[in-house]
Each structure stands twice: as C-alpha cells, then as structure tokens.
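Asker: Let me begin by handing over the structure; questions about it come next.
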Amino acid sequence: MAYVENKEEKSGRLLEGVTEIDCKDAELLRKFMTERGKILPRRYTGVTSKQQREVKRAIRQARVMGLVR
C-alpha cells in the first residue's frame, strides 16, 4: 500500500497576522531561531518556501546589525 500524504495546506503558524518580515523586528525573528541562534527549518515552523527565504534573509541582516545572535 502506498503512503498518501495529507494534502492540507500548511499555513505559517508563526506568521499569523504578519504582513511583512522586517529585520528590525527581533521578537518575531527569535521565534524562528533556536536558543543557540540557529535558524529553524520549515518543517518546524510551518512556513512556505518563499516565507522561509524572507525569514532567513531577515535573520542574517539582523545578525549583521547586532539585533540577534
């Protein structure tokens, strides 16, 4: 028997009500990072590929500015 994956659309649970991901919003970005500062993968956060790329870019910019570690 073949495995059938549930085809429900995953919504960004952590991005509910957020219209733009800004690198200056450190509180939002910390939701996408571990305690050690690593970026969480999509399978844990539930965001789309496009949103994950935006989150990644924002976290990296925030690191350069010194807002998050």
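The values are calculated or read from the model by the stated rules, or taken from the named source; none is laboratory data. For clarity, every value in this text was computed on a predicted model and none was experimentally measured. Counting neighbours? That spans all protein chains shown, and the Cβs are built from the backbone with ideal geometry, glycine included.
Asker: Could you look through segment 34-69, keep only residues that are surrounded by 10 or more Cβ atoms within 10 Å (Cβ to Cβ), among the hydroxyl-bearing types (Ser, Thr, Tyr) and within 15 Å of residue 21 (Cα to Cα), and pick out the one that is nearest to the chain's Cα centre (by Cα)?
Answerer: Filtering segment 34-69 for residues that are surrounded by 10 or more Cβ atoms within 10 Å (Cβ to Cβ), among the hydroxyl-bearing types (Ser, Thr, Tyr) and within 15 Å of residue 21 (Cα to Cα), the one nearest to the chain's Cα centre (by Cα) comes out as 45.
Asker: If only one of 54, 35 is at pLDDT 90 or above and not in a loop (DSSP other than H, G, I, E, B), which one is it?
Answerer: Among 54, 35, only 54 is at pLDDT 90 or above and not in a loop (DSSP other than H, G, I, E, B).
Asker: Being of a type outside the set (Lys, Arg), at positive phi and modelled with pLDDT under 85 narrows it down to one residue among 17, 46, 12; which is it?
Answerer: Just a single option satisfies the conditions, and that option is 17.
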